[in-house]
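Please treat every number below as a calculation from the coordinates, not as lab data. Predicted model, so just to flag it, every value in this text is computed and none were measured. Heads up, the Cβs are rebuilt from the backbone with ideal geometry, glycines too, and the neighbour counts pull from every protein chain shown.
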Amino acid sequence: MYRREYVAGVDEVGRGPLAGAVMAAAVILNPFVAIKGLRDSKSLSAKRRDQLDIEIREKAVCFCIARAEVAEIDEINILQASMLAMQRAVAGLDVLPDFVLVDGNRIPDLPVQAEWLIKGDAKYDAIKAASIIAKVARDAEMVELDERYPEYGLAQHKGYPTAAHLEALRQYGPSPIHRMSFAPCRQSLGSRKLGSDPIAT
């Protein structure tokens with residue numbers, strides 16, 4: 001049966017936050033099934049992202065969302081952790097793509113031919129789709145973590161270094177899900193620390 005080339009779009013989300021895992025998604029869209037309204041996830045409302053997330057999962061040839069944990073971020077740095085998450089996302093696809101397009105200006109080590117594409121999440125539909133499902137997944141996780149660590153307001157800022165988040169770090173110190181390789185988290189060590197219960201992020 002004839003098919004067009006399967007191209008996987010890859011994007012990551014969560015490089016900038018002070019807390020939580022960095023996530024990446026790889027998506028192979030069905031070249032014969034259109035999904036209307038795909039855009040860079042940051043330009044969409046949360047409601048529209050959720051709607052597209054469902055449609056992407058239903059209509060894509062396959063997809064995978066992967067992650068690098070806080071401990072890995074602190075051990076190998078956020079850039080390398082992002083590359084690792086993208087590697088895991090591609091490796092987790094049920095179908096081996098013919099080619100991979102990665103948002104940004106770097107590509108991880110992959111078993112298939114790949115290229116990077118600056119602003120790819122605004123240019124290529126499969127990357128747009130990866131951007132959307134990765135962000136929806138990470139945002140949902142931060143809402144869940146907010147219930148465990150309500151002092152930080154994670155549900156609102158999703159771990160990014162907002163004024164409210166930085167003030168919470170100064171007041172309470174870092175939690176087990178904060179990235180200690182990031183300066184604001186290290187600098188808050190003198191503050192009162194919350195319990196050190198381990199958590200899989």
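Each Lys or Arg adds one and each Asp or Glu takes one away; over the other residues whose Cβ falls under 14 Å from the Cβ of Ala91, this sums to 0. Secondary-structure-derived ellipticity at 222 nm for the chain, considering helices only, amounts to -12000 deg cm²/dmol, per-run term -39500 (n - 2.57) for DSSP H runs with n ≥ 4.
Computed from phi, the 3J(HN,Hα) profile of the range 66-76 under the Karplus parametrisation 6.51, -1.76, 1.60 (θ = phi - 60°) reads 10, 7, 10, 7, 4, 4, 6, 4, 5, 7, 10 Hz, with x in place of Gly and Pro. Here the peptides 121-127, 101-107 are ranked by packing, the mean other Cβ count within 10 Å, and the order with the highest first is 121-127, 101-107.
For the range 85-201, the equivalent ellipsoid derived from the Cα gyration tensor has semi-axes of 34, 14, 14 Å, listed largest first.
Restricting the range 1-101 to trypsin sites (Lys or Arg not before Pro) that sit in a DSSP loop and have at most 10 other Cβ atoms within 10 Å of their own Cβ leaves Arg3, Arg4, Lys36. Between Lys47 and Arg15, the contour length at 0.36 nm per residue exceeds the Cα-Cα span by 9.3 nm. Each Lys and Arg contributes +1 and each Asp and Glu -1, all at the Cβ; summed about the Cα centre of the range 102-199, the dipole is approximately 360 debye. Gap in Å between the Cα centre of the range 27-87 and the Cα centre of the range 159-190? Centre-to-centre distance over Cα atoms comes out at 26 Å.
Around the Cα centre of the range 64-141, unit charges on the Cβ atoms of Lys, Arg, Asp and Glu (plus for the first two, minus for the last two) sum to a dipole of about 260 debye. When you filter the chymotrypsin sites (Phe, Trp or Tyr not before Pro) in the range 1-109 for DSSP loop state and at most 12 other Cβ atoms inside 10 Å of their Cβ, you are left with Tyr2, Phe32. Within the range 7-145, antiparallel bridges make up roughly 60 percent of the DSSP beta bridges whose residues both belong there.
Looking at the range 52-150, the pairs of alpha carbons with a distance over 16 Å make up 62% of the total.
In a reduced charge model with +1 at each Lys and Arg Cβ and -1 at each Asp and Glu Cβ, the chain shows a dipole moment near 500 debye about its Cα centre.
Only one of (i) 1.01; (ii) 0.97; (iii) 0.95 was calculated from the structure for Rg/Rh (Cα atoms, Kirkwood Rh), and its label is (i). May I ask for the Rg/Rh ratio of the range 40-109, computed from Cα atoms with Rh as the Kirkwood radius, given to two decimals? Across the range 40-109, the Cα-based Rg/Rh ratio is 1.01.
Segment Gln171..Glu75, full-extension length gain: 32.0 nm, with 0.36 nm per residue of separation and the alpha-carbon distance subtracted. Cross-link pairs exceeding 19 Å in C-alpha to C-alpha distance, out of Lys42/Lys135; Lys59/Lys119; Lys59/Lys158; Lys47/Lys119; Lys47/Lys123; Lys47/Lys158, comprise Lys59/Lys119; Lys59/Lys158; Lys47/Lys119; Lys47/Lys123.
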